[in-house]
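Taking it in order: structure first as structure tokens, then the write-up.
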Amino acid sequence: MKENRYNIIKNSLENFDIEYADANGTPQLIIKKEDLIGVATKLKKELEFDMLVDILGVDRFQKENRFEIIANLYSNKNKDRLFLKVKLDSKKPECPSLTKVWKSANWYEREAFDMFGIIFTDHPDLRRIYMPDEFEYNPLRKDFPLMGIPGSLELPKK
């Protein structure tokens, strides 16, 4: 991202408590979950990050801020990419849904919910997409056994 464009982003978001970082040449904004909707709205409407490419769930497997989400944003007009990162509580990982800003967040958030157990408040249809509803676990958490939990899921018979 061009240096002057990076400064425009910093100046536009100066009212928010943001930690700026670099992810292999791509700017990364680390924000509090309370600021997620406000920052995302400004990024979309004022800074023209019109495309939500993906939302990733991450299990850092540590006591504090174990989980995080990373929103991969892109500006078609400016050909810029930006990562928006939110660290989440270890015991109750939840944050606001980005579906009101980008409708495409729907399926990405459902995937993070299904695989990591991250709850997106105000999501229009937060339910599992890969695992059955009765499955009690989140398979991409780092404490989930590599070979699964015997008897937790009924497998098809041959």
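The values are calculated or read from the model by the stated rules, or taken from the named source; none is laboratory data. Keep in mind the model is a prediction, meaning the values are calculated, not measured. Note that each Cβ is placed from the backbone with ideal geometry, even for glycine, and that neighbours are counted across all protein chains shown.
Observations
- Single residue of the stretch 57-82 satisfying the filter (in contact (Cβ under 8 Å) with a residue 60 or more places away in the chain and not polar (S, T, N, Q)) that is farthest from VAL101 (Cα to Cα): PHE61
- Matching residues in the stretch 21-35 - criterion: being farther than 16 Å from GLU68 by Cα and exposed (fewer than 15 other Cβ atoms within 10 Å of the Cβ): ASP22, ASN24, GLY25, THR26
- Every pair of residues 6+ apart whose Cβ atoms lie under 8 Å, when the first sits in the stretch 23-36 and is in contact (Cβ under 8 Å) with a residue 40 or more places away in the chain while the second is acidic (Asp, Glu) and surrounded by 14 or more Cβ atoms within 10 Å (Cβ to Cβ): LYS33/GLU94
- Of all residues in the stretch 1-31, those satisfying the criterion of being outside any helix (DSSP H, G or I) and among the charged types (D, E, K, R) are LYS2, GLU14, ASP17, GLU19, ASP22.
- For the stretch 126-158, the set of residues classified as loosely packed, with under 10 Cβ neighbours inside 10 Å and within 19 Å of the chain's Cα centre (by Cα) consists of ARG127 only.
- The strands (runs of 3 or more DSSP E) located wholly in the stretch 57-158 that include 2 or more residues which are hydroxyl-bearing (Ser, Thr, Tyr) occupy 67-75.
- Close pairs (7 angstrom Cβ cut-off, 6 or more residues apart or separate chains): small (Gly, Ala, Ser) in the stretch 91-103, surrounded by fewer than 19 Cβ atoms within 10 Å (Cβ to Cβ) anywhere: SER97/THR121; SER97/ASP122; SER97/HIS123
- Residues being of a type outside the set (A, V, I, L, M) and under 23 Å from ILE9 (Cβ atoms) - total across the stretch 74-94: 11
- Residue in the stretch 32-50 that is under 16 Å from the mean Cα position of the chain (by Cα) and assigned to a strand (DSSP E or B) present: no
- Residues that are within 19 Å of ASN7 (Cα to Cα) and buried (at least 19 other Cβ atoms within 10 Å of the Cβ) were ranked within the stretch 48-82; the one that is modelled with the lowest pLDDT is ASP80.
- Selection of first residues in the stretch 137-156 that are within 16 Å of SER90 (Cβ to Cβ) and among the hydroxyl-bearing types (Ser, Thr, Tyr) and of second residues that are outside any loop (DSSP other than H, G, I, E, B) and at pLDDT below 85, restricted to Cβ pairs under 9 Å at least 6 apart or on distinct chains, gives an empty result.
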